[in-house]
Every structure is written in structure tokens, then in C-alpha cells.
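Report on the following structure.
The values are calculated or read from the model by the stated rules, or taken from the named source; none is laboratory data. Quantities reported herein were computed from a predicted structural model and do not represent experimental measurements. A quick note on method: Cβ atoms are made from the backbone with ideal geometry, for glycine too, and the neighbour counts reach across all protein chains shown. Remember, those area values only see protein heavy atoms, side chains included, never the ligands or the DNA or RNA. Shrake-Rupley method; radii C 1.70, N 1.55, O 1.52, S 1.80 Å.
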Amino acid sequence: VGLGPGGAAHRTPAATAAVRHATTVIGYGPYVDLAAELIRGRAIRSPIGQEATRAKEALALAAAGERVALVCSGDPGVYAMASLVLEHAVEFPGLDISIIPGVTAALAGAAAVGAPLGHDHAAISLSDLLTPWPTIAARVEAVAAADMVVSLYNPRSSGRDWQLPAALEILSRYRSPATPVAVVTHAGRPSLTTSITSLGAVDPGTVDMSTIVIVGCSTTRTLDGRMVTPRGYVP
Ligand SMILES: C[S@@+](CC[C@H](N)C(=O)[O-])C[C@H]1O[C@@H](n2cnc3c(N)ncnc32)[C@H](O)[C@@H]1O
């Protein structure tokens, strides 16, 4: 179940119903907390880094007859649990599994600063915990060369601080330093902060694990304080 970016206003009615009707809700602790007011059954707060164990536990509980909501932030299919669950589901044949979509961080972040995803765009995670950095760097370079807007997920954490400057350096080989860049933290939550800066001026110190960084393409501009990538209708 994708809970959306955080606040109840951006959670879909289908996600709300799935959590309400679950006999067990399982997820990384802070995500279980996001849905706390909806939980009527048992809540299992699972530690970070235990994603495979969590997926298998959710499947085993469902196989034992529970109605399980495995919750995550944003959309469950975007750098989250849905693919992992479906990979392990082959070990539990016959289970009834639904993927409940949610508003992913790129969309919530984009809406907070304007309309930067108005034309072709891509998403890249800068986490090299499961993907080797050369693979990530090659994808950043391909997107840079293709002149697409890119949303950078997992841009920076306390133990992973060089990947964002490295990705921005690759993008800078193809794009002007004036290219608009949005830095959005806690999108869709009361603690939201936004800044529209430029490729030449991004301060990685303003970015953490709750931030989405959206780098514009050659047509992206700032209009009246909003970041906009035109579709092309207005000459
Ligand atoms: C493991 S990914 C999970 C993505 C999530 N499934 C989604 O669809 O948004 C975690 C990353 O998503 C981004 N993110 C998640 N929630 C966010 C929010 N409310 N505001 C900004 N970025 C967010 C951050 O880049 C964070 O490091």
C-alpha cells in the first residue's frame, strides 16, 4: 500500500481503506506511524534494512489467513516494496495480492514547485547500496545527454554524501549552470520546504534523505517563482 508522500490529504481513498481493513499492518516504523490513525488491527514496525524479511513476513501472515497491509511511502512500485513482494510471492502460490498506488515523491515535489515534469522526464535513485555506482552514473549521463528532466531519489544521507555532487557534475557536462533545479524536502507534509535554485548553485548541504531533487532540462525555466517545463503549446 502506497501511503503517498506523508499527509492524509495526499493519501488515496483506496490506500486508506486497505489500511483500515487490514488485520495486520506492517512496514518500516516511520511509515506505519504515517498511517497510525487508520490502524485497527495489529501494527508491526519493521526495521530499515530488513526489506526482504519484511516482505516474506507479510506474505507468510497473508498465507496464514491474515489481511495484511504492507505500507510504504509514496508509491509501492517506486523504489519500494511491491517488486520485492512479487519476487517472493512465487514462494506463496495462490495469494490474493493487490498493489495500491500512491503519490510518489517526484509528483508531490514537482507540484510543490510548479510544473517541472511537464515534458519527458526520468527518475534515478542515487543510492548505491543495491546498484553499483558506475551503473547509476551511466544512467545519469544517458538522461543528461537525452535532455530529459530528472528526479533524483535517495539523493543524500549522512553516510552517502558524495553521490549527489557527482551526479550534478555529470549533468553539468551537458546542461547550463543556469538550469533550474528544485530541492523539495518533506513534500506533501506540514514540514515542507522548497527551493528553486540552479545547477551551478545547488547546495548539497540542503539535501537529506527526505528530499527529492528535480533537475530541469534545456527548456525548463522559472516563471514568477515557479519551475516550469513547457509542453510546447505557448510559442
Ligand atoms: C526509498 S525511496 C521511496 C520512494 C517512495 N516509494 C515514493 O514513491 O515516493 C526514498 C526517497 O524518496 C524520496 N521521498 C520520499 N518521500 C518524500 C517526501 N515526502 N518529500 C521528498 N522526497 C521524498 C526521497 O528522495 C527519499 O530519499
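For Ser198 and Glu66, what does the FRET efficiency come to when R0 = 41 Å and r is the distance between their Cβ atoms, rounded to the nearest 0.05?
Once rounded, the FRET efficiency stands at 0.25.
If r is the Cβ-Cβ distance from Ser218 to Asp96 and R0 is 45 Å, what FRET efficiency results, to the nearest 0.05?
Once the sixth-power term is evaluated, E becomes 0.45.
According to a simple spin-label model (label point 7 Å from Cα along Cα-to-Cβ), what is the distance in nm between Trp133 and Thr206?
Here the answer is 2.5 nm between the modelled labels.
Could you tell me the relative contact order of the chain? Use alpha-carbon pairs under 8 Å, at least six residues apart, and round to a whole percent.
19
If you roll a 1.4 angstrom probe over the protein chains with everything in place, what fraction of the accessible area of region 106-235 belongs to carbon and sulfur, to the nearest %?
56
In debye to the nearest 20, how big a dipole does the chain give about its Cα centre with +1 on each Lys and Arg Cβ and -1 on each Asp and Glu Cβ?
400
Pop a pseudo-label 7 angstrom from the Cα along the beta-carbon direction at both His119 and Ser157 and give the gap in nm to one decimal.
If labels sit at His119 and Ser157, their model points lie 3.5 nm apart.
Apply the Karplus parameterisation 6.51 cos²θ - 1.76 cosθ + 1.60, with θ equal to phi minus 60°, to every residue of region 36-45 and state each ³J(HN,Hα) to the nearest whole Hz, in sequence, with x for glycine and proline.
Per residue, the Karplus-derived 3J(HN,Hα) values read 3, 5, 9, 7, 10, x, 7, 10, 10, 8 Hz.
Counting only other residues whose beta carbon sits under 14 Å from that of Val68, what net charge do I get with K and R as +1, D and E as -1?
Charge balance in the 14 Å sphere: +3.
At 1.4 Å probe size, with every protein chain present, just tell me what the per residue accessible area of the chain comes to in Å².
Result: 49 Å² of accessible area for each residue.
For a Förster distance of 35 Å, can you work out the FRET efficiency between the beta-carbons of Ala9 and Arg173, rounded to the nearest 0.05?
0.30
Per residue of region 188-202, in order, report the coupling 6.51 cos²θ - 1.76 cosθ + 1.60 (Karplus, θ = phi - 60°) as ³J(HN,Hα) in whole Hz, putting x for Gly and Pro.
x, 10, x, 8, 3, 10, 9, 8, 10, 10, 9, 4, x, 10, 4
What spacing in nm lies between the two simple spin-label points modelled at Ala17 and Arg226, each 7 Å away from Cα in the Cβ direction?
According to this spin-label approximation, the distance is 3.2 nm.
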